[in-house]
1. When segment 91-142 is examined, which residues are found to be of a type in the set (A, V, I, L, M), under 30 Å from SER160 (Cβ atoms) and outside any loop (DSSP other than H, G, I, E, B)?
2. Scan segment 99-125 and report the pairs whose first residue is surrounded by fewer than 19 Cβ atoms within 10 Å (Cβ to Cβ) and whose second residue is in a loop (DSSP other than H, G, I, E, B) and not hydrophobic (A, V, I, L, M, F, W, C), with Cβ atoms within less than 6 Å and a gap of 6+ or a chain change.
3. Could you please find all residues in segment 156-187 being in contact with a strand residue (DSSP E or B) (Cβ under 9 Å, 6 or more places away or on another chain) and acidic (Asp, Glu)?
4. Which one of these is on the phi > 0 side of the Ramachandran plot, free of Cβ contacts under 8 Å to residues at least 40 places away in the same chain, in contact with a Pro (Cβ under 6 Å, 6 or more places away or on another chain) and of a type outside the set (Phe, Trp, Tyr): ASP194, ASP145, ASP188?
5. Just one of the numbered conditions (1) more than 27 Å from THR202 (Cβ to Cβ); (2) under 14 Å from the mean Cα position of the chain (by Cα); (3) part of a loop (DSSP other than H, G, I, E, B) is not true of GLY147; which one?
6. What pairs come up if the first residue lies in segment 48-71 and is more than 16 Å from MET90 (Cα to Cα) and at pLDDT 95 or above, the second is part of a loop (DSSP other than H, G, I, E, B) and of a type in the set (S, T, N, Q), and their beta carbons are under 9 Å apart, counting only those six or more places apart or on different chains?
Amino acid sequence: MKRLVVLISGGGSNLQTLLDACQRGDINGQVVAVISNRPDVRGLIRAEQAGADALCIDHTEYDSREAFDEQLRQHIDDYQPDYVILAGFMRILTASFVNHFLGKMVNIHPSLLPKYPGLDTHQRAIDANDSHAGATVHFVTPELDGGPLIMQSSVTLEPSDTAASLAKRVLATEHQLYPRVVQLLCQDKLKLIDNIAYYDQTPIHVPLQLDHTRTSS
């Protein structure tokens, strides 16, 4: 069974879907620790209720990103995780931190990358009159939201969509997408080799689509 450490900054709804999937046995893994950079967030309560260690390392108590990242790295290493899962972790990580966990760390981003890295993704999709929006899971590399893409889920933009309504629908797909990718990670079906993502030993040149990978374990 794989050991997972999840990093959060807020309510932890994606965290909850991972905890639930592990509990059901859908993921051959265990969330051994949840670490937040903000105190008093609901995600830490979710972790405690699921029996995982819940830690806060408050970034405001550190003089630099480097100092914070080093402390965070040490705490993560204590748990000897197979994978580090970013689930709404709102910190830009230093290259040294990312490289320490290279190939073992994934992130979920609320856009169809490479479109719209960074913030305000839903409004940007609406402003561009895109036909679809969605979410992407990717391996984390030093380039912000620029790591090799693994899998995406998408929704159709509606004429009546606002950033808030679109965000709600995209988040619902994230709750299916992230457990599926973590399931594949824990089955050793996803690898990062020479900055290329692989699925079942085949390079991922075009991101996998959620509905097209629902095969039996």
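The values are calculated or read from the model by the stated rules, or taken from the named source; none is laboratory data. Quick caveat: nothing in here was measured; it's all calculated off a predicted structure. Heads up, the Cβs are rebuilt from the backbone with ideal geometry, glycines too, and the neighbour counts pull from every protein chain shown.
1. ILE108, ALA125, ILE126, ALA133, ALA135, VAL137
2. Pairs that qualify, where the first residue is surrounded by fewer than 19 Cβ atoms within 10 Å (Cβ to Cβ) and the partner is in a loop (DSSP other than H, G, I, E, B) and not hydrophobic (A, V, I, L, M, F, W, C), are PRO117/ASP145; ARG124/TYR116.
3. The answer is ASP161, GLU174.
4. Result of the check over ASP194, ASP145, ASP188: ASP145.
5. The one condition GLY147 does not meet is (1).
6. Hits for this filter: GLU70/THR94.
Rundown of residues vs (1) surrounded by 14 or more Cβ atoms within 10 Å (Cβ to Cβ); (2) of a type outside the set (S, T, N, Q); (3) in a helix (DSSP H, G or I); (4) modelled with pLDDT of 95 or more, yes/no style:
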position: GLN152; (1), (2), (3), (4): yes, no, no, yes
position: LEU166; (1), (2), (3), (4): yes, yes, yes, yes
position: GLN176; (1), (2), (3), (4): yes, no, yes, yes
position: ARG214; (1), (2), (3), (4): no, yes, no, no
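Residue-wise test of (1) within 16 Å of THR17 (Cβ to Cβ); (2) at pLDDT 95 or above; (3) in contact with a Cys (Cβ under 9 Å, 6 or more places away or on another chain); (4) surrounded by fewer than 16 Cβ atoms within 10 Å (Cβ to Cβ).
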site	(1), (2), (3), (4)
ASN129	no, yes, no, yes
THR141	no, yes, no, no
LEU144	no, no, no, yes
LEU157	no, yes, no, no
LEU210	yes, no, no, no
